[in-house]
Amino acid sequence: MPVEFLTDEQAEGYGKFTEVPTRPEMERFFFLDDVDRDLIALRRTRHHQLGFAVQMCTVRYVGRFLLDDPLDVPSSVVEHLAAQLGIDDASCVTRYTERRRTVYDHAWEIRDAYGYHPFEDAEWGRKFRSFLHGRAWTHAEGPVALFNQAVGWL
């Protein structure tokens, strides 16, 4: 019988921004290194560069792409990334979603470049189940802690 172990608030907040990232989180998840910058530089326009960076860093931070609305992020995140890219007007990112296909194409490119795998992938599904099984049997953690470890692994 299934058991609900997350509060409604925790379940609602999964896979999206529930608060503004802290300074250490910004430095860890939203710092653009040379590899990131090389990928971003392949975009022709500033709004595509910034939108690509937002998607890249969002998946690092929340663990999934926000394909319905990739710009559903705190303004401080967009401004932080724009500053790193030398983009003076961060509001240009609003043009990023004008062509939905671009959002999906960029998500696939980010997946390929960084080795992310869809959860439905059979091989990675087995690896995930193996991780989760091993973790559950070797650590005295409650379901919320186990859930958080699983999200981190993914």
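Readers should treat all values here as calculations from the given coordinates under stated rules, not as data from a laboratory. Because the structure is a prediction, the values reported are computed rather than measured. When we count neighbours, we look across all protein chains shown, and the Cβ atoms used for this are built from the backbone with ideal geometry, even at glycine.
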### Task
Taking only Cα atoms and a 10 Å spring cutoff, compute GNM fluctuations for the chain and point out the largest among 102, 22, 94.
22
### Task
Counting other beta carbons within 10 Å of each Cβ, put 108, 124, 137 in order, fewest first.
137, 108, 124
### Query
If the chain between residue 44 and residue 88 were fully stretched, how many nm would it gain, using 0.36 nm times the residue separation less the Cα-Cα distance?
14.2 nm
### Summary
Listed residues 139, 106, 48; largest mean-square fluctuation, Gaussian network over the chain with Cα springs below 10 Å, found at 139
### Query
Which value, in debye to the nearest 20, describes the size of the charge dipole of region 65-131 about its Cα centre when Lys and Arg Cβ atoms bear +1, Asp and Glu Cβ atoms bear -1, and nothing else is charged?
300 debye
### Task
Figure the gain on full extension for residue 127 and residue 104 (residue separation times 0.36 nm, minus the Cα-Cα span) and round it to one decimal in nm.
5.7 nm
### Task
Express in nm, to one decimal, how much length is gained between residue 97 and residue 111 on full extension, taking 0.36 nm for each residue of separation and deducting their alpha carbon distance.
3.2 nm
#### Entry: Charge dipole magnitude, Cβ of K and R +1, D and E -1 - the chain, Cα centre, debye nearest 20
400 debye
